[in-house]
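Here the structure comes first, spelled out in structure tokens, and everything after it is commentary.
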């Protein structure tokens, strides 16, 4: 019961922070990402602790409930592994963007003043090899789904299968 209250409190704090960050710093994807990772890890850890506690103190080793609890452990470990995998993939995409795509010049920004993904005006952007420019945040979110340019579909050097 205590862990359920802790999970609910962590979730409330997470939602509150997400609202505050989206209002105060809408372009801060890094902070939002790390906050999401922390929430997932904390929630999974508390769920794991609860399941472990029930498993140890239930004294139901040879029953079907033991099997159900083992499935719960497996589900929590898979969730934890998925959270870590998403974080590693996100970090690799950020590194790839920073290493491979230079910031757009003032001339590029004058030629194309709005991002094709979000349609907002750009003050800073990244230029792809095909010449199209996007907000770094928009490009990051796009590359998590597809490894081609959002406009001309030119294949980029990013291979999602290698990053996953």
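The values are calculated or read from the model by the stated rules, or taken from the named source; none is laboratory data. What you are looking at is a predicted structure, and each value in this text was computed from that prediction instead of being measured. Every residue, glycine as well, gets a Cβ built from its backbone with ideal geometry; the counts of neighbours run over all protein chains shown.
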Considering only helices (runs of 4 or more DSSP H) wholly within segment 19-116, the ones with at least 3 residues that are more than 30 Å from residue 127 (Cα to Cα), at pLDDT below 80 and touching a helix residue (DSSP H, G or I) at 6+ places or on another chain (Cβ under 7 Å) are 29-58
Checked 90, 135 against criteria (more than 27 Å from residue 6 (Cβ to Cβ) and in contact (Cβ under 8 Å) with a residue 40 or more places away in the chain); the one match is 135
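Which of the residues that make up segment 69-101 are over 14 Å from residue 37 (Cβ atoms) and loosely packed, with under 13 Cβ neighbours inside 10 Å? It would help to see each step written out before you state the result.
Applying the first criterion (over 14 Å from residue 37 (Cβ atoms)) to segment 69-101 yields 69-78, 92-93, 95-101.
Matches in segment 69-101: 70, 71, 74, 77, 78, 95, 98, 99.
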Out of (1) surrounded by 13 or more Cβ atoms within 10 Å (Cβ to Cβ); (2) over 20 Å from the mean Cα position of the chain (by Cα); (3) at pLDDT below 80, the one residue 1 does not meet is (1)
